[in-house]
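See structure below.
The values are calculated or read from the model by the stated rules, or taken from the named source; none is laboratory data. Nothing here was measured: the structure is a model prediction, and the numbers come from that model. Glycine gets a Cβ as well: all are built from the backbone with ideal geometry, and neighbour counts include every protein chain shown.
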């Protein structure tokens, strides 16, 4: 029995490898105090289903609001819920267009937000010479699944967000999560692409996966030991139930003698 206990202790200690819990681990002993990583910030190209906030303003009071749907400005300025935002802002349809009063249909799929802002402003100035356009992507959602402190969809009101910032807002990867094997699912016009990400690898800082894109899905897989512990807990519960049942039967038998 003592030998078995020692064996279990050795297995548990050997599994406690600190490197698997350290983000951006660097085992280089000659690491300097300051290291510069050149991060890659890939452009995001709009897709059908994305929701845009489009605002056009002018110094001419009589033209104020002529390019907006009724209630659009009040909803945007009032910190609306996502459902109201979806109903009151410009949703890119399946053909890649948004529809706006006066301007009509504008094709936006495959373009960046900055490019669309210039297009909308140019179209608006056909009617109002000093029109200024502002375009923002409001459907910047990241989905977290698996071993995160918080799971579900989180909306980020930023132009770009990197994976460390996003994971921090999701409560980080739990003690039972595998930081070396986080799956990233990215939606593209051709379908989903699956990537494997090692959060303990410093090379992630210079990877094109460091910055997330809208509608990305992050799945933190559980470590093998969690599955092992679940099985052990189930086994312990079964053994306790069997033991209690045998004890109860033994008690009944002894009372009937």
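Inspect all residues belonging to the stretch 93-102 and state whether any of them is buried (at least 16 other Cβ atoms within 10 Å of the Cβ), closer than 21 Å to residue 213 by Cβ and touching a helix residue (DSSP H, G or I) at 6+ places or on another chain (Cβ under 9 Å).
yes
How many residues does the stretch 204-219 hold that are under 14 Å from residue 140 (Cβ atoms) and assigned to a helix (DSSP H, G or I)?
The qualifying residues number 0.
In the stretch 182-197, which residues are free of Cβ contacts under 8 Å to residues at least 24 places away in the same chain and under 19 Å from residue 167 (Cα atoms)?
Those that are free of Cβ contacts under 8 Å to residues at least 24 places away in the same chain and under 19 Å from residue 167 (Cα atoms): 194, 195, 196.
Determine the pairs where a residue that is at negative phi and assigned by TED's automatic domain parsing to the domain that holds residue 99, located within the stretch 110-135, has a partner that is surrounded by fewer than 16 Cβ atoms within 10 Å (Cβ to Cβ) and modelled with pLDDT under 95 with Cβ atoms under 6 Å apart, the partner being 6 or more residues away or on another chain.
Short answer, once both residue conditions are applied: 112/43; 130/59; 131/125; 133/121.
For the stretch 233-241, check the following and say yes or no: at least one residue is assigned to a strand (DSSP E or B) and modelled with pLDDT under 90.
Scanning the stretch 233-241 turns up no residue that is assigned to a strand (DSSP E or B) and modelled with pLDDT under 90.
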